[in-house]
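Have a look at the structure below before the remarks.
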Amino acid sequence: MTGSRPGLPGTRNPPSRMDSHFDPRTIEGPLYEQWEARGGFAPAGEGAPYCIAIPPPNVTGRLHSGHGFQQTLMDALIRYHRMRGRGALWQMGTDHAAIATQMLVERQLAAQGVHPEDIGREAFVARVWEWYDRHDGEIAGQMRRMGASVDWDRYRFTMDEGFQAAVREVFVRLFDDGLIYKKKRLVNWDPVLGTAVSDLEVESEEEDGHLWHIRYPLLGDVRTAAGADHLVVATTRPETLLGDTGVAVHPDDERYRGLVGAHVLLPLVGRELPIVADAHVDPEFGTGCLKITPAHDFNDYEVGQRHGLAILNVFDAGATVNDEAPEPYRGLDRFAARDGVVADLEGLGLLESVEPHRHAVPRGDRSNAVLEPWLTDQWWVDIAPLAAPAIAAVEDGRIRFVPKQFENVYFAWMRDVRDWCISRQQWSGHRIPAWYDPDGNVHVGRDEDEARRRAGLDPDVPLTQDPDALDTWFSSALWTFTTLGWPERTPDLARFHPTDVLVTGYDIIFFWVARMIMMTLRFMDEVPFRTVYIHGLVRDADGAKMSKTRGNGLDPLDIVDGIALPDLVAKRTVDLPQPQMAERIEATTRRDFPDGIPAYGADALRFTYCAMASPGRDVNFDLSRVEGYRNFCNKLWNATKFVLMNLGDAGPGDGPVRLSAADCWIRSRTREMLEAVDRAVDTYRFDLYANAIYDFAWHEYCDWYLELTKPVLWDESTDPASARGARRTLLEVLDVLLRAAHPIMPYITDTLWREQAAATGGDAGTVMLARFPQAEDLDHDPEATAAIEWLKTVVVGVRTIRSEMGIPPRTAITMLLQGGDDIDRTRLDATETLLRRLAGIETVDWLDAQTEPPPAAVHVVGELKVLVPLKGLIDVEQERTRLTREIGKSTGELGRVQGKLANENFVAKAPEHIVAAERGKAADLDARLATLRAQLERLDAL
RNA sequence: GGGUGUUUAGCUCAGUUGGGAGAGCGACGGCCCUACAAGCCGUAGGUCGCAGGUUCAAGCCCUGCAACACCCACCA
C-alpha cells in the first residue's frame, strides 16, 4: 500500500490535536503555494504524456461559475492522470477577446470624453495592452484559489509574440492556397460597434413588430387579376423601401400573371421598379408581392442577383440614411427613417394597413444592436475545403464527442457551413497582414517587407496596411498547437500534441471546437484532441442562465471564501448593462442569501461541481449542495482525526497482523469503490466518481467500519494482532480514500494525507504526487463481505425495533436468537462483540427451536429470528401494529413473486438463475410470514 | 420548418447488457453515545409525462402524443 513516488517534502508538522471542525481557509491557503513552488504542476516522469489545453478565458474578465465548473473537471482529470504516472500537462493561457476588449476600452475612453479617433490607433492599442496587463493577474488568482494545477510556466496569451507569428503564418498560407479571399458581399453589420460580424455572432430572437402593407402603383396600362392599379407589398422594415430596386411575385401566382416584366413606381422615391418572377416568393404570405432590397436583406440579395437588379445601399456604417435616398430622409437614423417613411406613406394614402407581427430580429451577441445586412468588402475563409477533413475526423472516430449526441450537432453545422467572415473593423486584435499599394492592389505577407518582396515592389512604393483586425476566434482556432510552440517544431509540440481531451461547453462547439479541428488538421495534419467532452452550462438554482444582466451570477471565490450580503449586493449591481434592474436584483439577492455566503472552501465547491456534472445536462447550481459537501469535507476531517487518535503512540505497530471479517469487508468494499472510480473517470462520469467517493467514505467507512473498530480498539482484552489488523486497515483504507479523492478535493486530502503519512512515520511529501490507488492492491473477500452484510441486517433490525418501540438508545437490551442455521451461528460467533456494541445489546442468547420464546418484538433475517423481549420495554399494541404492517408488506411482495412463478412462460423462458432467485425469494417470504404471523398470535394470546 | 435533450419522491437529480425503484437536500420521530450536532439512529413519501407495442419480464427497447428547454434555418 506504499508506492508513492518521491515527491515534495512535507513541511507541516502534525498538530498534536485536530479541531472538531475543519476550517477551509486555514488549510487551503498555504498548500497551493507549496505545490506551485516545488514545480508540482509541470509534467514529470517518463510516463505517457497526457495533455489538456485549457479553453482560454478572456483575459479581461473575472471567472464565473461556468469557468469554475469547467476547470474543476479539467483539474480532476489532470490530477488523476498525473497520479497515475502520466506526464500530465494542463496548458494554461488566456484569450485577448478582441471585440470585448475594444468595447471596454472604448467605454473607458468615453468616460473621459475621448473618442478612439482622437488618440489614434497606436495609442488605442497601447491602452488595450494596458488593459490586458491590468487584468491578467485576476484570473490567475482565482484559479490558484480553486486549486487548478495548470503549468504556469507555459502560460500563453493569444496575442503574445508567438501567437502573432502563428496567426500571420496561417493567414499567409491560407491566402496562398486560395482559402482566404477578400470580397464585397452582404455581411451582418453591427452599426453600434461599426464592424462586420460572423453568422455565429448573430442572435435572432422573436420580437413584437408590425407588418406594413404598402401600395406600389403599377406603371402603364396593366392591372392585377383583381383589377387593381397597384401592388401591395408587406414588409416589417418599411425604411428599406428607400433601397428597393424591384418587386417579386411567384411565377405561378395567377393574381399577378402578366405583370412580370411590367413596372411599379416606388413611392416617396419615384424610382421605376421592375416586377420579376421568383420562386423564393411565398404566395401564401401577405399579398404574395415581395419588395426587393438587395443591399439590405440576404434573401433579396439572392433574388436581385438572379434577376440582375441594381444594388442600392441607402445606409452608412452607423445605419443612418445616406445620400442615395431622397433628401428628406438623409441623415436620419434607421428607426427615425422608418417613422418618417410610414408617416409619409400614410399621408399619400399608400399605407393600406398595419398589423402586429411577431418576427425574428437579428441582434449582435456583444452589442445587442439590431444588425443590418450591409454591403462591404471583407476578408473570408473558404470553409468547404477545411470542413471536409474535419467531418471525416469525427466520422472515422479519430475524434469522439462525449456525450456522443453532440457529434450530430457538429455534423449538422459542418455539412452546411458557410464561408467565415474573419475581418473586423476594429483596432483591438490581430491586424490583418495585408498591404495596399497606391493603386489599391492587395499584397499579403508575414510582414510588410515580405509582402513587398513577394509582390516585387520597390522599397519606395508606399504601402498601407489593411486597417482591419481578425475575428478573435481566428487565433483561438490555433490554440492546441500554437500554445505548444508552433510554427516552431518544439519538443513540447512533438510530445503533447494531439492533446488528449478538450473540455468545453456546447455553446462554443461551432465558434471554437469546429474551427480548431479544421485549422489543426490543415496545419498539423493531425487532430487537435482525441476526445471532446461537452459539459452543460451552469445555471442558478431556479434554472435561469447566470448573467450579469440578471444579476444572478456567482463568483466561485465568493463561495470558496464567503461574502457578506452587502458586498454581494454591491457586486451584483455594479456596472449593470441595464441599471434599472438593480432594485430587483438586490431584492432577490437579499431573499436568496439573507446571511450572505459562508466560506465553504474550494474542496466543497469542486466536489459540488463534479457531483453535478451529469452528461448532457445543464447544472442548476444550488448552494445547499455545496453545504452538504462542505459537511462531507468535515466528515473526512473527523474520520482522520479518529484514526490518528486511535493509533496510540505506537502507530500501527509491528508484529503479526490478524484481519477480522470487518477488516476484510472494508478492504473488499474499498476495492469495489476504486473500480467504480476508474470506470467513472474512463467514461467522464464525474458525478459517479464523486458519488462513489462520498458513499464509500461516509456510509461504509465512517458509518460502519469506524464503528466496527471501536469494540476491537477499545477492549483491552483484544489480542494485539487483531488490534494491529484494525489499525492497519483504518490507516490503509484512509490512505487509499484520500488518494482516490484527491483529484476532486485536493486541499483537504493533501492536508489529511500528510497527517496520516506522518503518523506512520513516513515523510511522503504531497498526495498530489503520490500514486493513484489501484483496485488490485486490495483483496476481494466474499465471505467476509457476506458476514458483515449479515451483521448489518441484524443491527438495523434491532435498531428499528428500538426506534419504533421507543426504547432509548442507552437502554441496554437482551437479544434472543432462534432458528437459523450453522452459518448464522458462525457469523454470530465472529461478530458478537460488534453486534452488542452497534445495537446496544447487553446479552445474546440462543433459543433452541422447541423453546417457546417470551413475548418479544421480532425481526426476521432469512431463517433466523431476532427477538427483543418485551419485559416492560415494549408496548404490545405498538408491536402488534408494527407486525401487522410488516406482514402486509411481505404479503404483497409474496403475491407478486408467486404471480410470477405461477406464470408458465416465466418459468419456461426466463433464465434459470432468475427463476431460482424468485423461488428462493418466495421461500424466504413464506418463512418470514409464518414467523411474523406466529408472533402476532402470541401477542394476541397475551 | 429541421434537429437535440428533458420528463423518476416535496425540490435537485442518479438509475450501465431489460430481471426485486435509489441518493442528496427537505419533512417527521428519537438521540449532546469519549471522530464529527457541519453529527448519530430510525421513519414516511413515487401510476418512473400520457397512450399503445415488443417481451416470460419494461423506468430502460419500439411507435405515437403532450409539456418544457435548447440548437440550426427562417416567410418579407
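See the values below:
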quantity	calculated
Considering residues of segment A:543-556 that are over 17 Å from the mean Cα position of the chain (by Cα) and open to solvent by 30 Å² or more (accessible area, probe 1.4 Å) only, the residue nearest to A:Asp603 (Cα to Cα)	A:Lys548
Test: residue in segment A:187-194 that is out of contact with any Cys (no Cβ under 9 Å at 6 or more places or on another chain), open to solvent by less than 70 Å² (accessible area, probe 1.4 Å) and aromatic (Phe, Trp, Tyr)	yes
Residues satisfying the stated conditions in segment A:329-351, i.e. over 22 Å from A:Trp374 (Cβ atoms), open to solvent by 30 Å² or more (accessible area, probe 1.4 Å) and part of a helix (DSSP H, G or I)	A:Ala343, A:Asp344, A:Glu346, A:Gly347
Candidate set from segment A:147-168 (those that are aliphatic (A, V, I, L, M) and within 30 Å of A:Gly29 (Cβ to Cβ)); member that is nearest to the chain's Cα centre (by Cα)	A:Ala148
Evaluation of A:Ile585 against (1) more than 9 Å from RNA strand B (Cβ to nearest atom); (2) of a type outside the set (Lys, Arg); (3) in contact (Cβ under 8 Å) with a residue 40 or more places away in the chain (one fails), failing number	(3)
Any chance A:Ile748 is under 22 Å from A:Glu783 (Cα atoms), assigned to a helix (DSSP H, G or I) and either under 27 Å from the mean Cα position of the chain (by Cα) or not polar (S, T, N, Q) (or both)	no
Which numbered condition A:Leu554 fails, given (1) within 16 Å of RNA strand B (Cβ to nearest atom); (2) over 25 Å from A:Arg25 (Cα atoms)	(2)
Residue among A:Ala570, A:Ala541 that alone is in a helix (DSSP H, G or I), small (Gly, Ala, Ser), out of contact with any Lys or Arg (no Cβ under 7 Å at 6 or more places or on another chain) and more than 26 Å from A:Thr472 (Cβ to Cβ)	A:Ala570
Counted residues, segment A:411-463 - those being without any contact (Cβ under 8 Å) to a residue 24 or more places away in the chain and either on the phi > 0 side of the Ramachandran plot or in contact with a Ser or Thr (Cβ under 8 Å, 6 or more places away or on another chain) (or both)	2
Index of the failed condition, A:Asp779 passing every other in (1) within 16 Å of RNA strand B (Cβ to nearest atom); (2) in a loop (DSSP other than H, G, I, E, B); (3) over 30 Å from A:Gly29 (Cβ atoms)	(1)
Residue match in segment A:200-216 (condition: polar (S, T, N, Q), under 30 Å from A:Gln425 (Cβ atoms) and either open to solvent by 10 Å² or more (accessible area, probe 1.4 Å) or not in a loop (DSSP other than H, G, I, E, B) (or both))	yes
Enumeration of residues in segment A:352-369 that are open to solvent by 20 Å² or more (accessible area, probe 1.4 Å) and more than 13 Å from RNA strand B (Cβ to nearest atom)	A:Glu352, A:Ser353, A:Val354, A:Arg366, A:Ser367, A:Asn368
Candidates A:Ala757, A:Ala787 - the one that is under 20 Å from A:Arg79 (Cα atoms) and either of a type in the set (Phe, Trp, Tyr) or assigned to a helix (DSSP H, G or I) (or both)	A:Ala757
Cross-chain or 6+ apart pairs with Cβ under 8 Å, segment A:358-375 first and within 22 Å of A:Val314 (Cα to Cα) and charged (D, E, K, R), then within 13 Å of RNA strand B (Cβ to nearest atom) and not in a strand (DSSP E or B)	A:Arg363/A:Leu371; A:Glu372/A:His296
Test: residue in segment A:443-466 that is under 30 Å from the mean Cα position of the chain (by Cα) and either of a type in the set (S, T, N, Q) or farther than 30 Å from A:His535 by Cα (or both)	no
Close pairs (8 angstrom Cβ cut-off, 6 or more residues apart or separate chains): among the small types (Gly, Ala, Ser) in segment A:279-295, outside any loop (DSSP other than H, G, I, E, B) and near RNA strand B (Cβ under 6 Å from one of its atoms) anywhere	A:Gly286/A:Ala234
Selected residue (only one of A:Gly258, A:Gly286, A:Gly304 is more than 16 Å from RNA strand B (Cβ to nearest atom) and among the small types (Gly, Ala, Ser))	A:Gly258
Pick from segment A:389-408, criterion part of a helix (DSSP H, G or I) and open to solvent by 60 Å² or more (accessible area, probe 1.4 Å), ranking: nearest to RNA strand B (Cβ to nearest atom)	A:Asn408
Test: residue in segment A:802-814 that is aliphatic (A, V, I, L, M) and at pLDDT 90 or above	no
Every pair of residues 6+ apart whose Cβ atoms lie under 8 Å, when the first sits in segment A:98-117 and is closer than 20 Å to A:Arg431 by Cα and open to solvent by 40 Å² or more (accessible area, probe 1.4 Å) while the second is part of a helix (DSSP H, G or I) and of a type outside the set (S, T, N, Q)	A:Leu104/A:Trp131; A:Glu106/A:Pro116
Given (1) open to solvent by 20 Å² or more (accessible area, probe 1.4 Å); (2) under 27 Å from A:Trp374 (Cα atoms), number of the condition A:Val247 does not satisfy	(1)
Every pair of residues 6+ apart whose Cβ atoms lie under 9 Å, when the first sits in segment A:836-848 and is more than 16 Å from RNA strand B (Cβ to nearest atom) while the second is open to solvent by 60 Å² or more (accessible area, probe 1.4 Å)	A:Thr843/A:Arg836; A:Val844/A:Arg836; A:Trp846/A:Arg825
Members of segment A:588-637 that are among the hydroxyl-bearing types (Ser, Thr, Tyr), surrounded by fewer than 22 Cβ atoms within 10 Å (Cβ to Cβ) and either within 8 Å of RNA strand B (Cβ to nearest atom) or not in a helix (DSSP H, G or I) (or both)	A:Ser614, A:Ser624
Residue in segment A:37-50 that is in a helix (DSSP H, G or I), in contact with a strand residue (DSSP E or B) (Cβ under 9 Å, 6 or more places away or on another chain) and not β-branched (Val, Ile, Thr) present	no
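So that you can scan it fast, the table gives a plain yes or no per residue for (1) away from RNA strand B (no atom under 14 Å from the Cβ); (2) open to solvent by less than 20 Å² (accessible area, probe 1.4 Å); (3) within 30 Å of A:Arg617 (Cβ to Cβ):
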| site | (1), (2), (3) |
| --- | --- |
| A:His699 | no, no, yes |
| A:Thr729 | yes, yes, no |
| A:Leu737 | no, yes, yes |
| A:Asp750 | yes, yes, no |
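Matching residues to (1) free of Cβ contacts under 8 Å to residues at least 40 places away in the same chain; (2) within 10 Å of RNA strand B (Cβ to nearest atom); (3) open to solvent by less than 10 Å² (accessible area, probe 1.4 Å):
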{"site": "A:Ala639", "(1), (2), (3)": "no, yes, yes"}
{"site": "A:Gly655", "(1), (2), (3)": "no, no, no"}
{"site": "A:Arg658", "(1), (2), (3)": "no, no, no"}
{"site": "A:Ala661", "(1), (2), (3)": "no, no, no"}
{"site": "A:Arg667", "(1), (2), (3)": "no, no, no"}
{"site": "A:Ala676", "(1), (2), (3)": "yes, yes, no"}
{"site": "A:Tyr694", "(1), (2), (3)": "no, yes, no"}
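The values are calculated or read from the model by the stated rules, or taken from the named source; none is laboratory data. In this text, all values refer to a predicted model and were calculated from it rather than measured experimentally. When we count neighbours, we look across all protein chains shown, and the Cβ atoms used for this are built from the backbone with ideal geometry, even at glycine. Note: areas computed on protein heavy atoms with side chains; ligands, DNA, RNA excluded. Shrake-Rupley method; radii C 1.70, N 1.55, O 1.52, S 1.80 Å.
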